[in-house]
Amino acid sequence: MTDISKAPTPSALSALRSIAILRESWIGMIGTGLILFWVFVALFAPLLAPHDPLAILQPFAKPGTFHVKSGTTLWLGTDNLGRDILSRVIWGARTVLIYAPLATVCAYAVGIIMGLAAGYHRGWWDTVLSRIGDIILSFPVLVLYIIVIATFGASGFNIVIAITFASAPGIMRIVRGLALDLRNRDYVAASQTRGETSFYIMVVEILPNARGPLIVDACVRLGYVIITIGVLGFLGLGLPPPKPDWGGMVNEARGMAMIFPHMTIIPCVAISSLVLGFNLLADGLREVSLRD
Amino acid sequence: MLIFIAKRFSFMVITMAAVSILLFVVLEFSPGSVATKVLGQFATDEQKNIWLEQHGYFDPLWQRYFVWAGNFLTGELGESHRFKVPVGEILWPRLWNTAVLGFWTFAFLIPFSLVLGVLAGMREGSKLDRTISIISVLTTSIPEFASAVFLSALFVFGLNWLPGTSGMISGFDFKQLIMPVLVLFLYDFGYVARMTRASMAEVMTTPYIRTAVLKGLPYRQVIMKHALRNALIAPFTVIMLQLNWLLSGVIVVEFFFAYKGFGALLLEASLNQDIFVIEACAMVAVFVAVATQTIADIGYTFLNPRIRFS
Amino acid sequence: MNDPKDNHTAPVLEIENLCVSYFARSGEIPAVIDFSLSLAPGESVGLVGESGCGKSTVAMAIMRYLGNNGDIVDGSVRFQGRDMAALSEAELRGLRGSKIAMVYQEPMAALNPSLTIGDQLTEVPITHASANPTEARDKALNMLRDVNLPDPERVMDAYPHQISGGQQQRVVIAMALLGEPALLLLDEPTTALDVTVEAGIVELIAELSRKYGTALLYISHNLGLMLEVCDRIGVMYSGEIVESGDMDTIFSQPRHPYTLGLLGCIPLPHSDKNARPLTAIPGQLPLPHERPDGCNFGPRCGSFAAGKCGVDAIPLAVVPQEAGSPHHVRCARWNEIDPATSLPAGDYRPPNEVGDTVLEVDGLQKYYTVRDSSLRAFVTGKTVRYVKANEDLTFNAREGETVAIVGESGCGKSTIARVLMGLETATGGEVRFQDASIGDVTAQERSPDQLGALQMVFQNPNDTLNPSLSIGAQIGRVIRKFGVERDADRVRERMLKLLDMVKLPLEFASRRPRQLSGGQKQRVAIARAFAGNPAAVVADEPISALDVSVAAAVSELIMDIQRDNKTTLIFISHDLGAVRYLADRVVVMYLGRIMEQGTTDEVFSPPYHPYTEALLSAVPIADPTVEKRRIVLEGDLPSVLNPPKGCPFSTRCPRRLGDICDNELPAFRIHGDGHAIACHIPMDELEAVAPVIAVKEHAAE
């Protein structure tokens, strides 16, 4: 899903340095700002949320309604059950920022191992792993998620497993491509001529030099995983209901969108802005790494 | 070349076989649960056993798979226990509806995203390029359900221009198709346009474009004859693979707008454990995905003379 | 280089005080400074300089094609009397490709991969001469014949990737000449090609420019090539012309210290690694945004005088002379420097003592299998084919000796390195190193001592170091790996010692590879190779990716370390000049086989193998006093997948005897003391040929 041709060269810089130079890319700055905002919200959800996200206050309150009992203004209104939307959006940030990075990290762990094995060892390993990857990738993703989750049930764990299963082959392809390129570098040959093990070469000589494109890909993929979690929630296949989840909020309020549009629009803005943050950051990183 | 095509097709068959095995194992590994799904929660063990006996569920797994696969190939897809009709009867009309939706999406998506992508990539860093880039990041960042929400709020509830559902209860209505197509278009547009832009921008920096410019060719000819051909090879593959993505988007959009399509059928079937419908839908989806991939691969080699003649 | 006084031939091109800058985020970066040049019809002028000196930017400025971030900030370019800056886009298009044409460095990249060659050629007459397609096709076909392409009809319908690199460059030249240009710009047109192919292209360019009366601006880093093509030459350094004048003047009476230094870096037939070692220019090219005050060459110059050279920009001065075109030099002290005494030459060094045999290669074979998935292969059942990268190689190397393996691309010379290093295992034959058989032992199976005793220096300096690790960590790892030292402090000590050995500052230990220049990276690679006190080092083209002045320093460094450690050096190269200078013995390879081997003197003088003879003739030599016999090979290298049945060289050999060459593999004939030649031509006939290279007189001595 990333555009590999425009991704940074492996010689491009450590992650830290890239982020430091992001100062020069306003797109990257905006992206980082959006992400940091939501990370902050998620971290301090208990302090920031004015109400318990599950507490029933007053149903169908429009944004800005004054809630007499608690003496607070419901800035974003309440949902059909009377739960404070602002608090639910804040807690929802926490949900999504736990599961999306977790699923992405798992997918990367599997994808990188498979990709290194296929790209560095070539031959038999490569054929088998690539074929398996191709088969999984040929499956329409959402169909896959629906079947897996419909069969095994909706839970955070199953969502992470399903996303790992569906994303790892894509990551493997990227890592494999990078490894195929990097393994022909003279410094890899130099380490082979001093008898280094394959493991050392993969971990020290190849992986660190592939990080540029991988970081960009990870940002885009994280955005996509957030969308996926949202979509699953929206289709009613996400986390079990009481837990605040942006996609799920849209699903529950869908029928009332005509009269109470705020119930659906607000979580949609939340998820879109977070995904936008990751996509802008990826663009910024790509721009910065190309400039060198 | 012939060998290449033969290889692609055999890979396609292998993939289909692998997926079918996987699907079969996941869904029908334990006969007991199949019976529960078909006969419902409250069926007695005795009823279940009779049903299982009738349908050959006491045979070993591999034998059942071959019977199932054989039936599948002859178009015998089983019966939907929810609608109590053969699966084919509901599946084909639904698939046709989705094809209509997909057709109109592509009819707008391809010209728009290619033209804008090319224009942006032609002059990298220009105002137009920056505008198109930002629009495409924005649209790819908004999930289909969110853009459906936003667009409904605007066109359906705000301006009252369009119907908010697309059930087509009283026959086909083009107006009801606009919202779903628009949502799908927006989400995929950014992706294809960005790909095209990147591909075009890369081609524009190649030495052979410099050669063409320094040959004194008019700019039009540099673009039309020298750049486009090479720049559109990558987006071609992307667009073909986009069908795969469209299948995902279709599920969301059909669900949102209550459009009676294939995606909605799959989702309903999954939520209701309508096992034979799930199987049929999944196989159809995989077939469409694998077939387009095969066509994309073969098409790619035709577009690219470097592969065609080696 | 102002225009000569004869007014009847108005100059084709006049460039006056041209300044070109690129604009980056960090500010303005001047690429070309105060550049003047005048070019008469039919004249050919060379621009020579190391990478980054701005020579290609000059060509692009002439074409007014500087990209989005480049601009002409001062001066003017006049083509046939018209100011290029004043032309409209349409007028500019009318000139490009018709009156001014260009030939590029990478022919493969310069041609559009998805259009047929015919399509790309006919565009030129259709655009500029309003020809109809049939006329255009005829013209293109004629031009393809003019550039000596075999079977032009077939080439017209082919795609660029279907023809060889040499043929691609001929197509690019044909494309440039189709517009009948008055000025042809050549930007390193042969750098990407093999020497024997290069020789053919250079001859073609010279011949066609005479035929069509085209003025040439020839840009290259190779002084030897200039000598074969150009009448006049401009030497560029860091964006400026530092010296210009007639070819002979520059070679015989160079005035600028940089020109002098450059001439002192190039291995010539009469230079000798012991008697007359090369002298490298110290230091390195300043980055464009870090140029010093005053003279750009100042920091590297032996004649630098602070008050005179280091203050203001140095103007071009005219060196008085009797005849010829004016001789300019950009040096504040040019009249204080005597070219005769300051042509540098290093001090005498005693030759290495050669010891016992360290490495023996006997009948080495290395085949690669290639799967052919075409329909024809499928039908005939030949789906597996062999690339015979090495076939029956036998040679040895002794302690302290330098053995060069020389050949063009695809001759299998790098495969030898891979087998020696254990990156590949031999298909057949034996490799004995320090009395152990290593031909079929991979690097992972070798003992640390064995690994440390045989190390390698690679070709590409930008590729040789892991970009993610510091220099110190990379050298330290090798020291520990070979078991030289284990204790952290002693490893560090040894690492610093190695850095010192390759003459790098010790603070480089904590730097990352990207902070180093190419030459510095190559020095680190040498330090790494010598970490385990190796008995033998394989150097695969260690200097060919470096600029001339840097290459000289690196090759001197390798030789110094070799001398101190009595190391055996296997020097793999395509550059006969460097080989002649560096090697004690030479092995000449072609298509996986050894054609000839012997001591350097034996190989470089008759009797020659006909291939060696052609190779020697093809190598450009930067010395006007050397006369060469011209032998230009026809055709291209055969495919390694389908080598000739008999002698591998039979398809291109100018001295082919007949069927025997096509059908029978020649055996080695021994001439004198171990000089072996694999050729069917009788030895006395081979002995009878005149030397390829003859020195007219020793002007410098």
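The values are calculated or read from the model by the stated rules, or taken from the named source; none is laboratory data. Predicted, not measured: the structure shown is a model, and the values here were computed from it. Heads up, the Cβs are rebuilt from the backbone with ideal geometry, glycines too, and the neighbour counts pull from every protein chain shown. Accessible surface areas use protein heavy atoms only, side chains included; no ligands, DNA or RNA. Shrake-Rupley method; radii C 1.70, N 1.55, O 1.52, S 1.80 Å.
Of all chymotrypsin sites (Phe, Trp or Tyr not before Pro) in the range A:28-93, which ones are in loop regions per DSSP and have a Cβ with at most 13 other Cβ atoms within 10 Å? Show your work: numbers first, answer last.
Numbers: sites: A:PHE37, A:TRP38, A:PHE40, A:PHE44, A:PHE60, A:PHE66, A:TRP75, A:TRP91; in loops: A:PHE44, A:PHE60, A:TRP75.
Taking the range A:28-93 and a limit of 13 other Cβ atoms within 10 Å, the loop chymotrypsin sites (Phe, Trp or Tyr not before Pro) found are A:PHE44, A:TRP75.
Chains B and A: buried accessible surface, both sides, probe 1.4 Å, rounded to 100 Å²? Each step should come with its number before you reach the end.
On the way: alone 17290 and 14280 Å², together 27450 Å².
Interface between B and A: roughly 4100 Å².
For the range C:184-292, with the dipole built from +1 on Lys and Arg beta-carbon atoms and -1 on Asp and Glu ones, taken about the Cα centre, which of C:VAL195, C:LEU227, C:ALA215 lies farthest toward the positive end?
The listed residue farthest towards the positive side: C:LEU227.
Which FRET efficiency, nearest 0.05, do A:MET256 and B:LEU159 yield, Cβ-Cβ r, R0 30 Å?
Values: r = 19 Å, r/R0 = 0.64.
The calculated FRET efficiency here is 0.95.
Taking the Cα centre of the range B:229-310 as origin, sum charge times position over the Cβ atoms of Lys and Arg (+1) and Asp and Glu (-1), and report the length of that vector in debye to the nearest 20. Could the numbers behind the result be given before it?
Working: 4 positive and 5 negative charges, 117 e Å.
So the magnitude is around 560 debye.
For the range C:487-565, go through all pairs of different Cα atoms, get the mean of 1/r, take its inverse, and jot down that Kirkwood value in Å. Could the numbers behind the result be given before it?
Numbers: mean 1/r = 0.0761 Å⁻¹.
Every distinct Cα pair counted, the radius reaches 13.1 Å.
What number, rounded to the nearest 500 deg cm²/dmol, is the helix-based mean residue ellipticity at 222 nm of chain C, given -39500 (n - 2.57) per DSSP H run of at least four residues and division by all its residues? Before the final figure, lay out each step's value.
On the way: 25 runs with 218 residues, N = 701.
Helices in chain C give a 222 nm mean residue ellipticity of -8500 deg cm²/dmol.
Please work out the FRET efficiency for the pair C:ASP560 and A:TRP75, using the Cβ-Cβ distance as r and a Förster radius of 51 Å; give the result to the nearest 0.05. Present the calculation step by step, with values, prior to reporting the outcome.
Details: r = 77 Å, r/R0 = 1.51.
According to the calculation, E is roughly 0.10.
Provide, as a two-decimal number, the C-alpha radius of gyration of the protein assembly as shown over 2.2 N^0.38 Å, N being how many residues it has.
Details: Rg = 35.9 Å, N = 1303, 2.2 N^0.38 = 33.6 Å.
Normalised Cα radius of gyration, the protein assembly as shown: 1.07.
Dipole size in debye (nearest 20) for the range C:139-243 around its Cα centre, Lys and Arg Cβ +1, Asp and Glu Cβ -1? Don't jump to the answer; show the numbers that get you there.
On the way: 7 positive and 15 negative charges, 64 e Å.
Here the range C:139-243 has a charge dipole of around 300 debye.
Please give, to one decimal in nm, the separation of the simple spin-label points placed at C:LYS645 and C:LYS211, each 7 Å out from Cα toward the Cβ.
Once both label points are built, they end up 3.6 nm from each other.
Compute the distance in nm between two label points, each set 7 Å from the Cα along the Cα-to-Cβ direction, one at B:ILE21 and one at C:ALA306.
8.2 nm
Rg to Rh ratio, the range B:123-223, alpha-carbon atoms and Kirkwood radius? Let's see the in-between values first.
On the way: Rg = 19.8 Å, Rh = 16.5 Å.
Rg divided by Rh gives 1.20.
If I compute solvent accessible area with a 1.4 Å probe over the protein chains, what percent of it on chain B is carbon and sulfur? Before the final figure, lay out the partial values.
Numbers: 9610 of 13890 Å².
Here carbon and sulfur together make up 69 percent of the probe-accessible area.
In what sequence, highest mean first, do B:297-303, A:179-185, C:295-301, C:253-259 appear when ranked by Cβ atoms within 10 angstrom? Intermediate values should be presented prior to the final figure.
Details: B:297-303: 15.4, A:179-185: 18.7, C:295-301: 23.0, C:253-259: 25.1.
Ranking, from highest mean packing down: C:253-259, C:295-301, A:179-185, B:297-303.
Rounded to a whole number of µm²/s, how large is the Stokes-Einstein D of the range C:570-684 at 37 °C and 0.692 mPa s, given Rh as the Kirkwood radius over C-alpha pairs? Mind dumping the intermediate values first?
Details: Rh = 14.9 Å.
For the chosen part, D equals 221 µm²/s.
Between chains C and A, what is the buried accessible area in Å², counting both sides, with a 1.4 Å probe and ligands, DNA and RNA left out, to the nearest 100? Working shown, then result.
Values: alone 30490 and 14280 Å², together 42770 Å².
That pair of chains buries around 2000 Å² in total.
Tell me the label-point distance for the pair B:ALA43, C:ARG486, using the 7 Å Cα-to-Cβ offset, in nm and rounded to one decimal.
Result: 7.1 nm between the two label points.
Using a probe of 1.4 angstrom, how much of the accessible area of the range A:79-211 is carbon and sulfur, in percent?
Details: 3200 of 4540 Å².
Carbon-and-sulfur percentage of accessible area, whole number: 70.
Rounded to the nearest 5, what is the percent of antiparallel bridges among the DSSP beta bridges in the protein assembly as shown?
Working: 70 of 107 bridges.
Around 65 percent antiparallel, to the nearest 5.
I need the Debye-formula profile for chain B: one equal scatterer per C-alpha, no solvent, reported as log10 I(q)/I(0) at q = 0.11 1/Å, two decimals.
The computed values of log10 I(q)/I(0) come out as -0.84.
What chymotrypsin sites (Phe, Trp or Tyr not before Pro) does the range B:155-199 have in DSSP loop regions with at most 14 other beta carbons within 10 Å? Don't skip to the answer; put the middle values down first.
Values: sites: B:PHE155, B:PHE157, B:TRP161, B:PHE172, B:PHE174, B:PHE185, B:TYR187, B:PHE189, B:TYR191; in loops: B:TRP161, B:PHE172.
Sparse-neighbourhood loop chymotrypsin sites (Phe, Trp or Tyr not before Pro): B:TRP161, B:PHE172.
Given a 1.4 Å probe, how much area per residue of chain C is accessible, in Å²? Mind dumping the intermediate values first?
Details: 28190 Å² over 701 residues.
On a per-residue basis, 40 Å².
What share of Cα pairs, in percent, lie more than 40 angstrom apart in chain C? Numbers along the way, then the final one.
Working: 89547 of 245350 pairs.
Everything past 40 Å amounts to 36 percent.
Once you treat every alpha carbon in the range C:531-579 as an equal point and sum by Debye, what is log10 I(q)/I(0) at q = 0.18, 0.21 Å⁻¹?
Values, matching the q order: -0.56, -0.75.
Comparing the chain by itself with all protein chains present, which residues of the range B:259-305 are at least 30 Å² less accessible (probe 1.4 Å)?
Buried by 30 Å² or more upon assembly, which counts only protein chains, are B:LEU266, B:LEU267, B:SER270, B:LEU271, B:VAL286, B:GLN293, B:PRO305.
By the gyration tensor of its Cα atoms, with a ≥ b ≥ c the square roots of the eigenvalues, what is the shape of the range A:233-291: rounded for a/c under 1.5, prolate for a/b over b/c, or oblate? Write out the running numbers ahead of the final one.
Numbers: a/c = 4.49, a/b = 2.32, b/c = 1.93.
Here the range A:233-291 falls in the prolate category.
I'd like to know which of C:VAL419, B:THR206, C:GLY283 lies farthest towards the positive end of the charge dipole of the protein assembly as shown, counting +1 on Cβ of Lys and Arg and -1 on Cβ of Asp and Glu.
B:THR206
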